[in-house]
Amino acid sequence: NPFVLGSTETFYFDDIVGVEAVKWYETFETGNEMGWQGLDGEFTGPIPNFDSTAINGSDNIGRYVKSGTHAYSLLLADTGTPFDLSILNQFHINIWSQVPSQVLMKLEGVGGNIERTKNIGLTNEWQDYTFDFSDAADNLGLTKAILFFDPGVETSQDTYYFDNIRALPEGPCKN
């Protein structure tokens, strides 16, 4: 038994494979996997990826057009199952925008809510943005993901493309 202290036997291992710890929530490759709804704006997805790059080589993506009449028009997805933030708490999303702006990602549910905002500085190309939700690692009641593009700007009617929403662990493995 290799787990008994003092064992003098020799053990050989072969074909050990490391697997990246990642939870994919949305790829649009098999449809609208998270069930996105455009509230006060227009959501369309999946649609073909018009700009396949190393950052986003997916075949399909989602598109959101702000309404131009609401400062906080949004995309809403309710998974019905709590996000497990105990380890996989770094949410990544690919975004393509024609204009510099901001994106706010919010997780909410019976456990309350937590939100993070990122600046969209580079335009007309895919960028990967990371939202750190590690301070909510113990929250077991968050089932909804909400995206606000250009939050707080009522007159915006800009179009945003997004894809590959996934959660990864925070940094290197910890003891």
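The values are calculated or read from the model by the stated rules, or taken from the named source; none is laboratory data. None of these values were measured; they are calculated from a predicted model. Glycine gets a Cβ as well: all are built from the backbone with ideal geometry, and neighbour counts include every protein chain shown. What goes into the accessible areas is simple: the full protein's heavy atoms, side chains included, and nothing from ligands, DNA or RNA. Shrake-Rupley method; radii C 1.70, N 1.55, O 1.52, S 1.80 Å.
Using a 7 Å offset from the Cα along the Cα-to-Cβ direction at both T30 and N113, what is the distance between the two label points in nm, to one decimal?
About 3.0 nm, to one decimal.
Where only protein heavy atoms count, and the probe is 1.4 Å, what is the accessible area per residue for the stretch 109-151 in Å²?
Details: 2040 Å² over 43 residues.
Per residue, the stretch 109-151 has 47 Å² of solvent-accessible surface.
Computing the accessible area with a 1.4 Å probe over protein heavy atoms, can you report the carbon and sulfur percentage for the stretch 50-173? Spell out each step's value before the answer.
On the way: 2640 of 5510 Å².
Whole-percent figure for carbon plus sulfur exposure: 48.
Over every pair of different alpha-carbon atoms in the chain, take the mean of 1/r and invert it; report that Kirkwood radius in Å.
Details: mean 1/r = 0.0565 Å⁻¹.
Taking the inverse mean of 1/r over all distinct Cα pairs, the chain comes out at 17.7 Å.
At 1.4 Å probe size, with every protein chain present, just tell me what the per residue accessible area of the stretch 1-75 comes to in Å². If you can, show how the numbers build up before the last one.
Working: 5010 Å² over 75 residues.
For the stretch 1-75, the solvent-accessible area averages 67 Å² per residue.
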